[in-house]
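Data block below; observations after.
The values are calculated or read from the model by the stated rules, or taken from the named source; none is laboratory data. Bear in mind the structure is a predicted one, so any value in this text is a computation, not a measurement. Quick reminder, even Gly has a Cβ in these numbers, built from the backbone with ideal geometry, and neighbours come from all protein chains shown. Each accessible area value is taken on the protein alone, full model and side chains, heavy atoms only, with ligands, DNA and RNA left out. Shrake-Rupley method; radii C 1.70, N 1.55, O 1.52, S 1.80 Å.
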Amino acid sequence: MEEQKTIELKIPIQLFTEINAFSSFVKSDKILREALAIGLYVEKVISLGRAAELAGYNLVDFMKLLNNNGIPVINYTEEDYEMDLQAIEKYKELIRINKKQ
């Protein structure tokens, strides 16, 4: 059996009351594990694979969970896009030069 650890969190009493009411109809900690895994992944604290493991999913199913919640699996920034465009232009120029030779 997998070793488990307990953590202690200090949260406002109002939030605790809401979590406690919520957990009364949740039969397991599945939703809280999913939320924790997603949060840690989004904040780049853990990897995609580790987040999937924490949530109790295989990698593909966790990626689907992220997608269903509007969370991008791949963080492709505008800077990445600009760098790719520059690389494409350089490649096109090399092709033009080689065709002339």
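So in segment 12-52, with the set limited to residues that are exposed (fewer than 10 other Cβ atoms within 10 Å of the Cβ) and modelled with pLDDT of 70 or more, which one is nearest to residue 69 (Cα to Cα)? It comes out as 43. Taking segment 74-101 as the range and being farther than 22 Å from residue 44 by Cβ and part of a loop (DSSP other than H, G, I, E, B) as the test, only 101 passes. What is the residue count in segment 57-70 for residues that are in contact (Cβ under 8 Å) with a residue 12 or more places away in the chain, open to solvent by 30 Å² or more (accessible area, probe 1.4 Å) and touching a helix residue (DSSP H, G or I) at 6+ places or on another chain (Cβ under 6 Å)? Residues that pass the stated criteria total 0. Candidates in segment 56-71 are the residues that are in a loop (DSSP other than H, G, I, E, B) and at pLDDT 95 or above; of these, the one that is farthest from residue 33 (Cα to Cα) is 58.
Residues of segment 71-89 that are of a type in the set (Ser, Thr, Tyr) and open to solvent by 90 Å² or more (accessible area, probe 1.4 Å): 76, 81.
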